[in-house]
Amino acid sequence: MSIHGKARRITTHVLQEMKEAGEKIAMLTAYDYSLAKIVDDASVDVILVGDSASNVMAGHETTLPITLDQMIYHATSVVNAVNKSLVVVDLPFGSYQGNSRKALASSIRIMKESGAHAIKMEGGKEVSDSVERILSAGIPVMGHLGLTPQSIYKFGTYSVRATKEEEAARLMKDSRHLEKLGCFAIVLEKIPADLAKEVSESVKIPVIGIGAGPDVDGQVLVLHDMLGITHQFHPRFLRRYLNLYDDIKQAIGNYVNDVRTKDFPNENEQY
Ligand code: KIV
């Protein structure tokens, strides 16, 4: 039986065992109870309550506006649905940068109020103090390197990161640094596949890729993107498993038509 199959609940230790056994880790985002229930039932290892909720739930252009209170609301809804998956919650922009005490206070609020199992934060060496302080409180930390959307105004574009030698070397150094600090896993977003492979081979902790090629320890996608609920976003790394935008629009159109033509409700749909 697989390590996932044997585990009653997915923990950070189970993920480590999966990496050591070469068993790939499947991670998806979720932000609400109903979809998180399906994701958990479909045996996804890790559910990320990502700050991408800012885009797909609230319609903001970037991840910057979402607040800690809003992240806790989404995380609580997800935790209420989950039986087995590990639930990781993004520390939102402004809740940790440049202040490790604030980072710890934000993480404690997430863990205490939502019941989540771990937090994720963007950044390398510059977030060392926060990572250390959060870990010292017994809260597992997942790192996030490469394309870090909370720094979009520093980079200016959502293009592929670490294509130049200097940035690739920094990313490799940051990955080793996060491992040394005690992070239990690292997300690598939108970087060359060769570099992601190198990172995954040089650290012992699981490396989860999004737009980072196949040679990492697991993959993550934004749920609304892979289900085709969002339909105007076409990055090369995105595989769409459904086109729910079209299906849902069609179903709603049928309902509207049935109401307007007085087909709904019929004699079996009334009291
Ligand atoms: O917020 C998010 O959904 C993420 C993933 C893209 C990794 O950070």
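The values are calculated or read from the model by the stated rules, or taken from the named source; none is laboratory data. Being a predicted model, the structure only gives us computed values, none of them experimental. Cβ coordinates were reconstructed from backbone atoms using ideal geometry, including for glycine residues, and neighbour counts include every protein chain displayed. We work out accessible area using only protein heavy atoms, side chains counted, and drop any ligands, DNA or RNA first. Shrake-Rupley method; radii C 1.70, N 1.55, O 1.52, S 1.80 Å.
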Review point. How much length is gained on full extension from Leu64 to Glu126, taking 0.36 nm per residue of separation minus their Cα-Cα distance?
Key: 20.5 nm
Check your understanding: Using helices alone, what [θ] at 222 nm do you get for the chain, with -39,500 (n - 2.57) per DSSP H run of 4 or more residues, divided over all residues and rounded to the nearest 500?
Key -> -12500 deg cm²/dmol
Point to revise | Amide N of region 225-255 lying under 13 Å from the label point, which is placed 7 angstrom from the Cα of Phe264 along Cα→Cβ | key: 248-255
Review point. Where the centre of each part is set by its Cα atoms, how far does region 1-28 sit from region 186-207, in angstrom?
Key: 18
Review point. Between Lys164 and Asn83, what FRET efficiency follows from the Cβ-Cβ distance if R0 is 45 Å, with the result rounded to 0.05?
Key: 0.50
Study note, to complete from the structure: By the C-alpha gyration tensor axes a ≥ b ≥ c (rounded if a/c is under 1.5, else prolate when a/b exceeds b/c, else oblate), the shape of region 3-240 is rounded
Point to revise | Anchor Lys173: lysines whose Cα lies under 28 Å away (excluding residues fewer than 8 positions away in-chain) | key: Lys19, Lys24, Lys102, Lys120, Lys125, Lys154, Lys164, Lys190, Lys197, Lys204
Review point. How far, in nm, would the chain grow between Tyr245 and Arg176 when pulled straight, counting 0.36 nm per residue and subtracting the alpha carbon separation?
Key: 20.8 nm
**Study point:** Angle in degrees between helix 100-114 and the longest Cα principal axis of the chain, rounded to the nearest 10
**Key:** 40
**Study point:** Pairwise centroid distance, computed over Cα atoms, of region 158-177 with region 69-121, Å
**Key:** 26
**Study point:** Segment Lys37-Met1, length gained on full extension (0.36 nm per residue, minus Cα span)
**Key:** 10.6 nm
Check your understanding: Expressed as a whole percentage, what fraction of the accessible surface of region 10-91 belongs to carbon and sulfur atoms when a 1.4 Å probe is rolled over the protein heavy atoms?
Key -> 54
Check your understanding: Can you pull out the trypsin sites (Lys or Arg not before Pro) in region 164-260 that DSSP calls coil and that have at most 15 other Cβ atoms within 10 Å?
Key -> Lys164, Lys204, Arg236, Arg239
Review point. In degrees from 0 to 90, rounded to the nearest 10, what is the angle of the helix 165-181 Cα long axis to the longest principal axis of the chain?
Key: 90
Check your understanding: Normalised by the number of residues in region 55-165, what is the relative contact order in percent for Cα pairs under 8 Å and 6+ residues apart?
Key -> 24
Review point. Helix 193-202: angle to the longest alpha-carbon principal axis of the chain, degrees 0 to 90, nearest 10?
Key: 60
